[in-house]
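Quick notes on the structure that follows.
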Amino acid sequence: MFTSINEFSQEWNQEAASTQRVLDALTDESLGQAVSKDDRTLGKIAWHIVASTPGMLNEFGITIENVGSGETIPTSAKEIADTFRKVSAEVAEQVQKQWTDESLTEVQNVFGRQMPKAVTLSLLIKHIIHHRGQMTVLMRQAGLKVPGVYGPAREEWSQMGMEAPAL
């Protein structure tokens with residue numbers, strides 16, 4: 001749980017940057033990649049991250065402009081990535097403007113549950129991490145290079161002069 005807005009901002013900026021690298025690696029053709037006909041496509045998951053972030057913050061009591069519905073998904077990978085770039089900057093700015101370190105301990109009703117504001121910010125970060133993980137699997141299935149997130153991706157080991165771990 002975060003004890004300061006600065007602590008949140010640092011983690012948000014790191015996780016948003018990792019998410020941005022993943023979104024920047026998408027192609028228009030890859031957006032239709034799906035695990036099955038019953039599951040979200042890569043494009044739907046990517047757009048869900050983008051569109052749900054302002055929605056979650058608004059639910060938490062932080063006013064931020066929505067970027068569209070989760071129903072209308074852009075067909076351009078660049079549009080999705082560019083929109084997240086704007087959203088992620090707005091998140092850091094608006095949390096710093098609207099909440100204080102002291103307000104992080106305040107308890108509020110979010111999605112029908114009582115939780116401290118600091119926990120809601122942690123939920124926001126965990127939400128993008130969860131969906132980013134789903135995206136990387138679909139990216140591999142679509143034949144895309146996956147950027148490393150918490151360490152090098154398979155293709156990045158050689159750039160570091162090392163051999164990738166064995167399968």
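Can you list residue pairs whose Cβ atoms sit under 6 Å apart, with the first residue in the range 110-128 being more than 21 Å from Val50 (Cα to Cα) and the second being of a type in the set (Val, Ile, Thr) and not in a helix (DSSP H, G or I)? Count only pairs 6 or more apart in sequence or on different chains.
Gln114/Val107; Pro116/Val107
I'd like the full set of residues that are among the small types (Gly, Ala, Ser) and either outside any helix (DSSP H, G or I) or open to solvent by 10 Å² or more (accessible area, probe 1.4 Å) (or both), limited to the range 113-144.
Ser122, Gly133, Ala142, Gly143
Working only within the range 59-105, note down all residues that are polar (S, T, N, Q) and assigned to a helix (DSSP H, G or I).
Within the range 59-105, Thr83, Ser88, Gln94, Gln96, Gln98, Ser103, Thr105 meet the criteria.
Taking Gln159 as the residue in question, decide whether it is buried (at least 17 other Cβ atoms within 10 Å of the Cβ) and either aliphatic (A, V, I, L, M) or assigned to a helix (DSSP H, G or I) (or both).
no
Take the conditions touching a residue at least 40 places away in the same chain (Cβ under 8 Å) and open to solvent by 30 Å² or more (accessible area, probe 1.4 Å) and apply them to Glu102. Does it pass?
For Glu102, the condition - touching a residue at least 40 places away in the same chain (Cβ under 8 Å) and open to solvent by 30 Å² or more (accessible area, probe 1.4 Å) - is not met.
Which residue is nearest to Ala51 (Cα to Cα), if the candidates are limited to the range 1-13 and must be open to solvent by less than 30 Å² (accessible area, probe 1.4 Å) and either part of a helix (DSSP H, G or I) or free of Cβ contacts under 8 Å to residues at least 60 places away in the same chain (or both)?
Trp12
Can you name the residue in the range 14-35 that is outside any helix (DSSP H, G or I) and open to solvent by less than 40 Å² (accessible area, probe 1.4 Å) and is also modelled with the lowest pLDDT among such residues?
The extreme case among them is Ala34.
The values are calculated or read from the model by the stated rules, or taken from the named source; none is laboratory data. Source: prediction; values computed, not measured. Because the Cβ atoms are built from the backbone with ideal geometry, glycine has one as well, and the counts that use them run over all protein chains shown. Areas reflect the complete protein model, heavy atoms only, side chains present, ligands, DNA and RNA absent. Shrake-Rupley method; radii C 1.70, N 1.55, O 1.52, S 1.80 Å.
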